[in-house]
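What follows is calculated from the coordinates using simple rules that are stated; it is not laboratory data. None of the values given here were measured: they were computed from a predicted structure. Neighbour counts run over all protein chains shown; Cβ positions are idealised from the backbone, glycine included.
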Protein chains: 2
Amino acid sequence: MISVLRLNHRIGRDDRMSTHCGLVSRAFGADEIIFTGDEDRGLIESIKNVVQRWGGIFQARHESSHTKVMKDYKRRGFKVVHLTMYGMPIQEKIDEIKKSDDLLIVIGGEKVPPEVYQLADFNISVTTQPHSEVAALAITLDRIFGGKELSKEFDGEMRVVPQEKGKKVVRRGEN
Amino acid sequence: MISVLRLNHRIGRDDRMSTHCGLVSRAFGADEIIFTGDEDRGLIESIKNVVQRWGGIFQARHESSHTKVMKDYKRRGFKVVHLTMYGMPIQEKIDEIKKSDDLLIVIGGEKVPPEVYQLADFNISVTTQPHSEVAALAITLDRIFGGKELSKEFDGEMRVVPQEKGKKVVRRGEN
């Protein structure tokens, strides 16, 4: 199981970034996303709406304490992978990370409390340059699934039929 | 040369997404980003500030017409790669895309005008699921550079020294 924990969501300021974290988690093969910070029903609903239309069994929910989530998941046998530009390069650690079937991938925002670095089994950088937690998450999931996530089938009510030019979306039962 | 064209930036609403597009372009090895839509000096400055502190020779600028940029770059021999969930899967097209040394990668927002699909040499999907232009851009650059971008050196004034726990940033000349 691959879970994602997004720290410190702030209503208003983080709406799109957090939505993108949720949609990337789902599209790239994770099983769930947990948000801490502000409790935001709109955020959870928007992700659930995508799941309803586009398929899969992805979950999204809010929790109040990131340390509780991290400790609970560790107790259940998950390894905690915290993404930070200050961590060890993913290309050096991916083989070790992939030894665990159950991972909690933690993505922060601008200020990550020191205990996150301590509780993590791996602090991992996707480049050591400043960029985007959304990009770091996508690359990490891509490395975990070895590129196979790009061809994942979701069996949703809606489905894209890839086109050289233009758009084609079919509903279930149509061709 | 790898250029990125980000369509239809809107001041306020897109500030963070567009900044992340710029920073991902730089961190993952592109040479420049061009924004259309609102002219936003703050956006350009924030990217230039990162270049100044963290190194590299990345450029960022505004242009008024995306069709003009696309046509100009095609005339200069670039292939135009438009990222859209409705396009052909990247894993099927990457070998063909990599035949060109000069690429203009176009990333849209919610409403992309039809002429972008027509002017593009490749309309490319990174999964056919809804997620994030930031993630699609990161994966596309990763596939173009074959993972080597993760180890790119920027020789900046600031540099991260990867740590198992915690943060270490050194300035040029320090150890």
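Residues that are within 16 Å of the chain's Cα centre (by Cα) and closer than 17 Å to A:Glu164 by Cα within the stretch B:105-119 comprise B:Ile105, B:Val106, B:Ile107, B:Gly108, listed in sequence order. Among the criteria (1) loosely packed, with under 13 Cβ neighbours inside 10 Å; (2) not in a strand (DSSP E or B), the one A:Lys167 does not fulfil is (1). When B:Arg13, B:Arg53 are checked against the criterion of being over 28 Å from A:Gln163 (Cα atoms) and touching a residue at least 40 places away in the same chain (Cβ under 8 Å), a single residue qualifies: B:Arg53. B:Pro130 falls short on exactly one of the conditions (1) more than 17 Å from the chain's Cα centre (by Cα); (2) more than 14 Å from A:Ala138 (Cβ to Cβ), and that condition is (2). Can B:Asp155 be described as touching a Gly at 6+ places or on another chain (Cβ under 6 Å) and at positive phi? So B:Asp155 fits the description; yes. Do we have any residue at all in the stretch B:132-143 that's more than 7 Å from every other protein chain (Cβ to nearest Cβ), over 22 Å from B:Thr36 (Cβ atoms) and either not basic (Lys, Arg) or not in a loop (DSSP other than H, G, I, E, B) (or both)? Checking the stretch B:132-143: at least one residue is more than 7 Å from every other protein chain (Cβ to nearest Cβ), over 22 Å from B:Thr36 (Cβ atoms) and either not basic (Lys, Arg) or not in a loop (DSSP other than H, G, I, E, B) (or both). All conditions in (1) surrounded by fewer than 18 Cβ atoms within 10 Å (Cβ to Cβ); (2) hydroxyl-bearing (Ser, Thr, Tyr); (3) within 12 Å of chain B (Cβ to nearest Cβ) hold for A:Thr19, with the sole exception of (1). Across the stretch B:144-164, which residue is farthest from the chain's Cα centre (by Cα) among those that are assigned to a helix (DSSP H, G or I) and surrounded by 15 or more Cβ atoms within 10 Å (Cβ to Cβ)? The qualifying residue farthest from the chain's Cα centre (by Cα) is B:Leu150.
Which one of these is of a type in the set (Ser, Thr, Tyr) and either more than 14 Å from chain B (Cβ to nearest Cβ) or at positive phi (or both): A:Tyr73, A:Tyr86?
Among A:Tyr73, A:Tyr86, only A:Tyr73 is of a type in the set (Ser, Thr, Tyr) and either more than 14 Å from chain B (Cβ to nearest Cβ) or at positive phi (or both).
If you go through the stretch B:152-167 and keep only what is free of Cβ contacts under 8 Å to residues at least 40 places away in the same chain and at the interface with chain A (Cβ under 7 Å from one of its Cβ atoms), you end up with B:Val160, B:Pro162, B:Gln163, B:Glu164, B:Lys165, B:Gly166, B:Lys167. Take A:Ile97 and decide whether it is crowded, with 17+ Cβ neighbours inside 10 Å, more than 8 Å from chain B (Cβ to nearest Cβ), over 20 Å from A:Cys21 (Cα atoms) and not acidic (Asp, Glu). Against the criterion (crowded, with 17+ Cβ neighbours inside 10 Å, more than 8 Å from chain B (Cβ to nearest Cβ), over 20 Å from A:Cys21 (Cα atoms) and not acidic (Asp, Glu)), A:Ile97 qualifies.
The strands (runs of 3 or more DSSP E) found entirely in the stretch A:34-118 include none that carry 2 or more residues being charged (D, E, K, R). Output the number of the condition that B:Gly29 fails; it satisfies all remaining conditions of (1) touching a residue at least 24 places away in the same chain (Cβ under 8 Å); (2) within 19 Å of B:Lys111 (Cβ to Cβ); (3) within 13 Å of chain A (Cβ to nearest Cβ); (4) small (Gly, Ala, Ser). Result: B:Gly29 fails condition (2) only.
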